[in-house]
Each structure stands twice: as structure tokens, then as C-alpha cells.
Amino acid sequence: MKLKSPVLQNYGFSSRLFLFILSISIFVLSVTASAETQNPSSETDSVGAQTAVSEPDSAMVDSITNAEQSATAEVQKPKRKVDKYSHYRDDIKRGERFFRGLLPHNNKQASCTSCHNLLPSDTLNWNPSAMEIAIKYLDKDFASFQALVTEPSGGKMAEVHQGYEFEAADLKTVKAYLDDLAMRGPQPVKPTINRLLLFLFLGMIITWALLELIFFHKIKYKAIPLLIFLGVFGYQVKMIYEEGVNLGRSQGYEPDQPIKFSHKVHAGQNQIDCKYCHFTVEDSKSAGIPPADLCLNCHSVVREGTRSGKFEIAKVIDAVENNKPVEWVRIHDLPDHVFFSHAQHVNSGKLDCIECHGDVAEMDVLKQVEDLSMGWCLDCHRTKEVQFVDNKFYESYETLHEQLKSGEINKVTVDMIGGTDCMKCHY
Amino acid sequence: MKEQYYKSLDDLIYDARQAAEEVDSGDRKSILQMKKESRSEATSRRDFLKLFGFTIASAAIATSCQQPVQKAIPFLIQPEKIIPGEASYFASTYFDGNDYCSVLVKVRDGRPIKIEGNALSPVTRGGTNARTQASVLGLYDNKRHKNPKFKGKKISWEDGDQQILEALAEIKAKEGKLVLLTGTIISPSTNAVIQEFLAAHPGAEHIQYDVISASGMLQANEQSYGKAFIPSYDFSKADLIVSFDADFLGSWLSPIEYTKQYSERRKLVDGQRSMSRHLHFEGGMSLTGSNADERIQIRLSQEKLVIANLYNELKKLAGEQPVNLPASPVDITKVAGELIAKKGKSLVVSGSNDLETQLLVNAINELLGNYGNTIRTDVHLKLRQAMDADMAGLVDRMEAGQVDGLILYDVNPVYDYPQGERFKTALQQVPLSIALPILGEETSEHVQYICPDHHYLEAWNDAEVKSGSYSLAQPTIRPIFKTRAAQESLLKWAGNPVDFHTYIQNYWEKNIYPQAQDGQAFIDFWNSKLHDGIFESGRKEDGLSAYNGERVPTILAQVKGLKGNDALELNLYTNVSVGTGKQANNPWLQELPDPVTKICWDNYAAVSPKLAKELELEDEQLVMINDFGPIPVVVQPGQEHRTISVALGYGRVNLGTPEGTVGKNAFPLVASENGSLRYTLKQVNLQKVEGDYQLAKTQSHHSMEGRNLVRETTLEDYLANPASGNEMREELKSHLKSLYAQRKFDGFHWGMAIDLNSCTGCNACVVACSAENNVPVVGKEQVIMAREMHWIRIDRYYKGDPDNPELVRQPVMCQHCDNAPCENVCPVAATTHSNEGVNQMAYNRCIGTRYCNNNCPYKVRRFNFFDYTGADAMPGNTIDPAEMTTDLRRLVLNPDVTVRAKGVIEKCSFCIQRIQEKKLAAKNESRQLQDGEVVPACAQSCPADAIVFGDLNNKESRISKFFDDERNYHLLEELHTLPSVGYLTKVKNKTV
């Protein structure tokens, strides 16, 4: 039995051609995939980019689901022997139910989880998560944990935890649950595969459409599978194109940081100059992430935040005391073959931070606003005026000065002094 | 008549048919090679399936992947003046037992990445050499000792100290003999430490041992002036330099200092119209000999005879009574005449380690009145202090079981002592042996305790290189491994557990600070000297007696004449790259082509063309020399007829990648005569053996096809007509027309000029360039396939009679043509011209067609056939012949320069990162860029100041003056490529 479509055979279509097309599409994919960096801003990542909620109570969405979806918190799994902290399984279960408010008890207070996420989550929540509390109190005894919950030392926590009365037995189970949580460490978050599934699904449709066209002939109208094939294949190409363009770019990237640091509070409400913390911005290619001891200039006095309480600020103090630097997550990350100098742009170029970083003073969680693509750089280099007259350095450009004087040109943009040369940025 | 230049002997013996055949077979060879390479890449069904699976997997990744989380970790407490992303420079001192250099260390984000010369030093004056430049890579060496060890097993410092102290106490109790064997110590503080150690262990003895010994010279001066010392030479004051096998530009005593002085007097720029004249007598072809105005071949066994005759002749000319001497093999009357005419303004030096020869040289310089002018005896050079007899005596005593304890600091006699095997066996008889090494070397394999020392970039140290010329070394990084300063170890064992930083500071306060007379407080003095890296106290030596030449007549009477002329002679020398072999594990140095033979990654036996013909030897033929070998032969034009030269410093057993494969160790050949080491063997036997051995040459694949590339003239002609040798320039200029308007550059137009008269070919620039620009090391196999990556190369051409040719050199890097042939053939515009006249290369755009490479008339573009530095995402693309992809080695990479991946072209960028850095600094300070502010790595490293860089638009700049000089010309300017690199004609001070 011959399984050949007479129509397509007329056009020279064979299984060879099919393989050829398939391998070409796959090859294109592989090329896009082999680029150095990978894309962080897949759709699910930016879902969490809801704007910050200023009132902590209203931020309480379903934190359990949030916790499951959120990215991995960069918390090290403590290396300890299990026996020392081991608890009865029942206690742990019970503690978890208590923490989540699933256990009926006679307290009128909200459940723990209504304020404390199980993990740092995409949604901004100024309160420490269960994991963070668990790690901090793993080495401490039950009495101090109990004191923390029922008789907090003051400030915001005393306000919220006012009148808390828990049975010691209940709290013990909570502690058991938290200890267990800390020892197990954060659960790995499975990578989101929605787009991949979609891609593979489309691939299956293509395969089906091709098989239908060439072998099965179940559908009367050949145009239908053909259209399906073309449409689906087109969509796949679009997906590949989009992913390819976005490779290495991370516009909108807004990861969790180890400390819930708010630029809105510092740069916005408290009006601290960017250069106070990022103090090498005028001298170095790197703007500099402030060393922890710089934070202590203020935070040796300011020990409690209006929203976050003491927990977050204590991390900075811990860092200095324990000689362990804070491991921030890098957001603006240019490829290694790009030379970029903050000093050039801020000091000589007199650019405002906002022009590239967006309105940081309005961001509770810092986010990459621009895509930092080469096209974006060049757009600016082609339009931005340099400090041509004010800066004596440019006196070496005699011809341009003459043209400026004679009115031939009315401004000197970066590209006119070599700002679009390859080796301006790549060497 | 146009003179014929040739690059190798093959060029000269030109037979069209043979040449065609060669090309053919060469092609065939490379085709075979390519086939061999591609065969492994032929696609099989399994490969297809693999690829298929891989593409599906990568498609999956492409559509769903997440970027790995990058951390940004700031300082906890930011040190003052350390700015992340900006380099800091620290003054330090490089001394490896052989070379001295005052340096600045560039430190980026906590790691030293580049060595620069310290311009404040009056000794090295900002110059460096290849080994100094490469020393930074030694810090990141996987073969370094990482822990203290006892009998090959790791041990803690506490336990080790405990055991060593007990053992030392035992020796002390039974009044045993303890010996501290070191290299020459030029550090005053270390000397104090040693004295303290000796005081704590009565009966202990300190013996110094130099690998390349100058004990003949030390002894000669002791007999002539009453003190064993090396005087301070000043080549810049000499109008006439006569050197007998003293390779003072490459390896003799203090080559960086001498190159500075030498080149200073050989420049014909900035109004200087006179230059020194240099005559060189030698057997092999050395770097210095190849730079001489006149080079006279002698056999080194006859060196004494020639010098004696010269002395006799000078005596005659000076009106004294000459004695009867056997005739000299070469005519020295002319030399004597010239010397006597330059009385007090000449300098005669000899590289011999023979006491009597050096006594004769002293007598000649004394007769010529050079002392006090070109030679100073009140300032001593401290770089060699060891007496060969001491070391020989030590080995005897060790064998006799008279040594109870031996501490080895900074020496490796098992490898580099001629009787290394004997030393090794004798070492087994020493009850307590301790080594304080940096690298895992041959000797430390055979000692009980290994107490690893810091690398010099991790340690405090000081040096007194010449009387009153002090310099300091400071740590530029925290110790990478569990090492401890050797001085601290010695202090600990002397019962004074103080850290060496405190010790050195105290020492300076007590001993050196009083020499300063500017009334500063000590801490200010210390800080300013640490900042400068140097301190000049002006201290002079005294206690010398008047010249005593009483032995000279006896020597003259005993000089023997020629006896037959048939015996072959072996000349052992150190080259500019590997030197004594201390840095043999440094791939930058191993891949550095020798300035004369252009061979890297091996040593070889250089023979003269005549001898090769007689014995039917060819390049790469294996031979045995006595029982040394087999070693490949290289036919070397200019080699004395019956002299064979072999480089020392190769063949280290446990170094190199793979271990022990780089060359053959020639140290066991070094002879001993009258108690001092001899680097010339008078009668050797050369035996052809079966087979040949492929050498990695960078020579024959840069051929420039006999065009007028190096332009040359003589001083006489130059004085008559400054454009002499360069007459064709004007003529060419009139021919050069272009359809296009010449490009104008507003702002800056960068240019470089190279004074061929200054360049000695020392290769410092090549290593400096590699360090600055992350130039990969490709390994021997790849060099053989003409795939070396150096962005700057030093071409050398021979001229004249192959048996006694002249040699010229020319550094070539990208010429940054304003009419660049490479730019308009690139299909993807990866190489373009910048607004400032720089030929740019955008690696990420390059797709590797190599059209540019083919269209470049200068052949300066390099292609990454593989990934050599670990830059590539695909591990299969990497080949790593020299461990340069390990994490430790990669610490040396310059973060301001992209590390290139497989498949892209690269080339000299005029150190664009330095240009941009200085431009930005000027911009930030709102001032114009100064001339001389931008210095590329090659120019910075140059001990001869042969390279000038600057802005051609600035008519006042030094580079513009060089370009306006009548000597200036461009390489292949007839092609109208309009290079931004200019060359100044070479002027030789000779009469034709």
C-alpha cells in the first residue's frame, strides 16, 4: 500500500523535505538556545509584579498558594543533625495546621499565616515569612520563641501581637513545625513549563497536520490541515522569535531580595540622595552596592521600620556582626562583552539616574525598567547632547567647535564624537 | 643596490622548483592535518541522533528557561580608597634570584592582574622584561605548594613548627652542623633575619648559591680591589661598548637597567645626533650580539686569548711594553685603536665566569680609565653574591655526612645545580631537610619538610639592588594558599615569632631611616617610601683598596695559543623567556618566541650553517651532545662555525603541561673549572641520532616576501642626510593617489611610532600585551599549525653572509590603517574604523569568515580556532594546552577586556581600554587629555622606550614629532593603506 499524497508529490514534497523542514526549525531553536544567557522574564515571572501594597493587612492574599508559586528563596539549608531538633511528626503536622489557621482554637486573633507567608513571596509582604522566622529561631529555645510571640519587645510587633494568648502546647507545636521547616529548607520550585508545553503541543499539532496531509487523508478538505499547519507553524516561529529577542534581556525583572529593602522608603519618602548609598557612581564603572556598614550609619539608630518592624533591619546588623555580607540579587546585569561606566554617564554625561533606572523612588521592590538592549543604548547616544561647551575635555574637537560656532550644527550629540563606534563599549 | 633580507636560511637558498615542492608539501601537510581534524567531526547516525536530541532539548530550554540568579555581593565594610570596578596600583619589587625590577602592580577588585614598570626607580626606570611581566601569572599557578607538608603529607603549621623546633634543638644539643642554603639575598631585612637565625643556632652557616654564577667576577674584583663585589656599570655614558659574550640586554646581571642605559644612547630623536658604538664578540647568536653594530665571532674557549691580545695591543698603543702572546684568532688591532681613542668613555665587559678573564677585563678598563666614568666601584650591584666553591664544598660535606640540617630557601639545586643528581643523593643523608619553596619543584620532592613561602605578590619584602638603592615589596593580595613568608618561618625557628611586616618596618626604622636626611617622622618616611616603592639614600661603599694588577703578567704569560681547530664547543646560555627555568611553568613565557630563532616551547641545539653542511644536519634533526639529548638541531645563521648553543632552563621534571615535556635540562652539562662554574664546554661530541622532532616556530609563516620592510642606514649617512635609507618615502608619496578623500578625524587620531634603533627585541612587550589583553596561550601543537595568538610580534630578518649575517628586528602589530583593507571585506561589519582612527574589532559580531585576515597585508589578525581561555559556552570547543582555563589561572584575566570565544578574529586594539580610561578621567576632571597620558601596555613595558603612542591631531605631541621625523616610514606604504603606526629607520654605527 502506497501512502503518498499525489497532490504534494506533484510539488516534490517528500518525507525528506519534511525532515528538512523539521531539522531547520529545530536548528533555529538550538541556535537561539545556545546564546550565553537565558531569559528570566518568562511570563509567570512577571505575574507577581503587582505594585506594592502599602498596608500590610491588605497584602494578605492566599499566601499558601503564593508560597508554592514563588521563586526559590535564597536561604541556605542549615547543615545540622536532625536528631537534636527532631519532633514528633504529629506535632509538626499539628503545628502546621495551627500556623495556617486550620486548627480551631479559642483565640480571636487571625492565623499566623495571615501575616507571615510560608516563604518570601512575589506579593510584597513586609512581615517576615515563616521560613525566615524558622531559620532565625532554629537555634533558640522554646521560651524565647514564646516570649517573641506573646510578649514582643515593642514597636510595631507589640501593636499587632497585642493580647496574644496561646496555649504553650500549641506554640510548642508551632515551634516544632518551624524547626522542621528550617531543617528541610526551601523546597525547590519547579520551573514554569507552560510555554514549553504549549510549544510541544503545537509541535504535536504540526506533526498531526503533516501526517494528515501526507498519509491519513481523513479530512475531506486538504486546506484545513494545511491551514492548521501554517497557522500553528507560524505561531511557533513567532514564539521562537520572541524568545530569541528576549534572550539575555530582563526588562521588568523584579526578584525577591534577601532583605525587603524599599527604595520607595529610602529614596522616596526619606529623600536620601542616590549617591549617598551608591557612592562610587561618579568615580567607577560600577555604581556600587552600599556596604553593610554604610547602612549602619542610619540603622545603628533606626532599628525599626514603620512597616517591616525590626526583622528586616536586624538582618543588616546581623550581617555586620556575623561578618557575612548580604547577598543581593543582581537586577541590572549587562553581558560581559559590554563595557559600561556609571562615571562616564553620571559624572561627565550628567545623566539623571531616573533616565535609565526609572522612578526608583516609587519602587518598593526594585525592578528593571528598561530592556538595556543595544538598540536602547544607541537611541540615546544618537540623540543625547554632550556637555560640549562646558567640559574642557572637548576642546580637542576643533572642527565640531567651528561648526557649532558657524551655526552649521546646533548641538553635539554623543554619536558625533564616536558614541556609536563599536569600541566605545565593546573591547 | 637593494640589499637582500631573508628570514631564514630556506629563504636564501632559493630554488624555484624546490620552493614549489615545499609549498606543495606544506599544503599537503596542512590539508592532511585538516582532514585529520575534520574526520573526527564527520557526522555519523549516532551524531545525528545526539544532535537531534540536543536541539529538541535546547528548543525546550529556549521556550521555557529562566535566567540563573546572579548575586551582587558588596563589601561588608568598604576599605577606604578601594573602589569596586577601578584598579589600584601598588609599588613592589620583583626579584627571582636572577632578575631585579621595581614594579607597580595593578590590582583589580582584589586580584593582581598586571605588572608595570616603576618609573620612579633610578635603576630600572620604568622598564620591565618578559619574565617580570609574566611573573603575575606565577601567583595563580596550580603547581604552587598549597600546604606545609611533612614527607609528602599535609601537616599543620603548628605541628610542623613544633617538629622542626624539636629537630633544630636536637642539632643544637649535639652541636651539629646546620646549613641555610639560599640564592643571593638582596633584601637587607632578610639578611637580618638570617643573621638572627644564625645567632640562635650557633655553628649554623649561611651559603648562597647562584644558578647563573658570577663568582669569577666577584673573585676578580676581590683580587683587584680587595672586596668581592660587582661594580655599577653605566652603558649610557659609554661611547664605545665592547662586550665579550656578555648578553647585557638579555640575561647578563641587570638587563633591564642596562637596556635603559644602552637605548638611551642609541636614540637619534629629540635633537640627539650621536650614538654609542657597540662591538660584540660571541660564539652563539645572542640578543645583545644581534643588536651590535659589529658582531665578531669567536669561540668562547678563546675568549681569554682574545682579551689578552686586546690588552696587549692597548698596552702597546698606550706606550707600554707589550709581551709576547700567541696570536689572536680574530684581528683586534682595530678594536684596540677605537678603544684607546675613547679612553674614559668606553666600557669593556665580559660574561665569562673565569677569574683570570675577568682580571684581564679589569686591567683593560683600568688602562682605559673607565673606572669612575662608565664603571663605578663605590656603588655595588648586589644581584650576584654567591661563590661557586661554597656550594661545591657543601655537596662534599653533605656526602660525607657532615651536615645535620639543611634549610633550602629560594633554591632548587636538584634541578639547576650541575651535579643535581649528586645533590639529590647527598640530600638523603641529611637528617633534617627543610625547603621553603613557592612552586612544587624538583628539590622539594626530596626534602622532609616543605614550608611553602608566599609568592612575591603576597609578601612583604625589601631589596637593596645597588648600594643605597632600596626598594620595598608589599602584599597585593591575601595569601591564596596556606603559605607563610619564609622570613617568618626562619624567625619562628630562631625563637622570635614576629610577623615579617613588623620586622621589616622595625628594620627600616633602625637601619635605613637614619640614612634619610629630610627630617620626616618615621611613619611618614615609611608611608612615602612604600608608596613610591623605592628609596635612594645615596649611600656609597668604601673600604676598597687601590687597583692591584699584580696577577695580570702571570696570566698573560700563561695564556695558551690555539691548538687545532676541530673540536666542537658547547655554549650554554639563558634566553630571555625561560631564563634559569624558575618560571618554567609559566605558559606566557614558554610560548614566547625566542628573539633570535623565533622558536618557543622547547630548547634546541643551535649549529652554524657550515657545520650543518659538514655533518649533514637539518632543522629538527635529533642529535646527542656527549650523553645529553636527544635534542633537535636548529641551523642558526651567525653561529660560530664550531660552536653549538643550548639554552638552559628547560626540561623541568614536574612542571609544564603535560609535566616534564618542555625541552631538555642542560644544567648537568655545566662544567666546573678552578672551582667556578663554566658555561662553555671545550670539547664535545655531536652525534646524529635517528628521527626528528618538530619545533614550534613562529618564523616562516609571517614571510613578507622580500619587500623593503626594515629600512636601515649608517650613522655616517644619517648625519649627512637624515632621510638616508628612507629615500623611497618621498618617491612613494608622489605615487599615492586615492579616489576617495582622505578621512579626517576630529578630536583624536591615535598613532604609534616605533624607533627601530631603540628596540632590542627583548619581547617584554609581547608578554605585557598578552597580560593586558587576555591573549590566549595556544600550546605547542597549535603554534606548529601557525595559530599563535600574540597581538604583537617581533619580526627578525637576516642580512648578508649566512655565516656572519647582520640581524634586524621589527615589532609588528595591527597598523590601524586609515585605508584598512580588512574593513571593507568583512561581510558583517565586525571590523570598522572608529572616529579616532582605530581599527575596531567587535568580537560578538564576528562570524569567523577570516576574509579580513586574508586581506590584511601585515598578517596581524589572529583567529581563535578554539576556545583557549574557557570563554565559550560549549565545553567541546575548548582546548587547554597550558591549564589556562582553570579557575585559578583565570584570575589573571583583565576584566576590562573581553575574553574571546572560539571562531572570532582578534588583534591589537591600541589598548583601547586604556585610551577610554584616560579619556574618561580627563572628562571627569573637565580638562584636555595630556600628551603621553595614554600609554598602551607594550609601550609601558618597553625597557628601551622604543614605542611612542599619542594623538596625531595634536601637533605638539611627541608622536607628531616622530611622524614628522625624516626617518619615519610606514610598513608597505606603497599599498596606500595609510597605517597609523610609523617606524623610524634603524641606524647602525658602523663604517662600511
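What follows draws every value from the coordinates through simple rules; no lab data is involved. Every value quoted in this text rests on a predicted model; they were computed, and no experiment measured them. Ideal geometry is used to build each Cβ from the backbone, glycine not excepted, and the neighbour counts take in all protein chains shown.
Computed from label points 7 Å out along Cα-Cβ, the spacing between B:Gln70 and B:Gln402 is 6.7 nm. Inter-chain Cβ neighbour count for B:743-753, averaged per residue, equals 3 (cutoff 10 Å, partner chain atoms only). Peptide B:913-924 shows a mean partner chain C-beta count of 5 within 10 Å per residue C-beta. In this structure, B:Arg551 and B:Lys334 have a Cβ-Cβ separation that, at R0 = 22 Å, corresponds to a calculated FRET efficiency of about 0.20.
Computed FRET efficiency, Cβ-Cβ of B:Asn511 and B:Arg743, R0 41 Å: what is it to the nearest 0.05? All intermediate terms of the calculation are to be shown ahead of the outcome.
Numbers: r = 61 Å, r/R0 = 1.50.
Calculated transfer efficiency: 0.10.
Only helical runs count toward this figure. For chain B, summing -39,500 (n - 2.57) over DSSP H runs of n ≥ 4 and dividing by all residues gives -8000 deg cm²/dmol at 222 nm.
Direction-averaged projected area, Cα convex hull, segment A:256-371: 7.7 nm², rounded to one decimal.
Placing pseudo-labels 7 Å out from each Cα toward the beta carbon at A:Val301 and B:Asn824 gives an inter-label distance of 6.9 nm. Counting only the backbone N, which residues of segment B:463-505 are under 15 Å from the spot 7 Å out from the Cα of B:Phe522 toward its beta-carbon? Taking a point 7 Å out along Cα→Cβ of B:Phe522, the residues of segment B:463-505 whose backbone N falls under 15 Å are B:501-505. Think of chain B as a dipole: +1 on every Lys or Arg Cβ, -1 on every Asp or Glu Cβ, centred on the Cα centre; then among B:Ile83, B:Gly160, B:Ser236, B:Ile83 lies furthest on the positive end.
Hey, can you rank B:955-964, A:153-162, B:451-460, B:88-97 by average C-beta count inside 10 Å, highest first?
Details: B:955-964: 16.5, A:153-162: 13.3, B:451-460: 24.4, B:88-97: 21.9.
Ranked from most to least packed, the peptides come out as B:451-460, B:88-97, B:955-964, A:153-162.
For the peptides B:877-887, B:99-109, residues were scored by their other Cβ atoms within 10 Å and the scores averaged per peptide; the highest-first order is B:99-109, B:877-887. Hydrophobic long helices, here whole DSSP H runs in chain B with Kyte-Doolittle means of at least 0.5 and Cα atoms spread over 20 Å or more along the helix axis, are found at B:45-64.
Report the FRET efficiency, 1/(1 + (r/R0)^6), for B:Glu731 and B:Thr991, where r is their Cβ-Cβ distance and R0 is 30 Å, rounded to 0.05. Intermediate values should be presented prior to the final figure.
Values: r = 27 Å, r/R0 = 0.91.
So, using R0 = 30 Å, E works out to roughly 0.65.
Averaged over the residues of B:75-85, the number of partner chain Cβ atoms lying within 10 Å of the residue Cβ comes to 6.
So, by mean Cβ neighbours within 10 angstrom, what's the order for A:333-346, B:604-617 with the highest one leading?
Working: A:333-346: 17.9, B:604-617: 19.6.
By packing density, highest mean first, the sequence is B:604-617, A:333-346.
Counting other Cβ atoms within 10 Å, which trypsin sites (Lys or Arg not before Pro) in segment B:310-346 have at most 16 and lie in a DSSP loop? The partial results should precede the final answer.
Working: sites: B:Lys315, B:Lys316, B:Lys334, B:Lys342, B:Lys343, B:Lys345; in loops: B:Lys342, B:Lys343, B:Lys345.
Within segment B:310-346, the qualifying trypsin sites (Lys or Arg not before Pro) (loop, at most 16 other Cβ atoms within 10 Å) are B:Lys343.
Restricting attention to segment B:178-274, which trypsin sites (Lys or Arg not before Pro) occupy a DSSP loop and are surrounded by at most 16 other Cβ atoms within 10 Å? Listed in order of number, the matching sites are B:Lys227, B:Arg273.
First obtain the Kirkwood hydrodynamic radius of the protein assembly as shown from its Cα pairs, then insert it into the Stokes-Einstein equation at 25 °C and 0.890 mPa s, and state the resulting D in µm² per second as a whole number.
Values: Rh = 36.5 Å.
The calculation lands on 67 µm²/s.
Taking label positions 7 Å along the Cα-Cβ direction at both B:Leu325 and B:Gln195, the computed distance is 4.3 nm, reported to one decimal. Please report the base-10 log of the normalised intensity I(q)/I(0) for chain B, using a Debye sum with one equal scatterer per alpha carbon and no solvent, at each q in 0.05, 0.06 (1/Å). Here log10 of I(q) over I(0) equals -0.31, -0.45.
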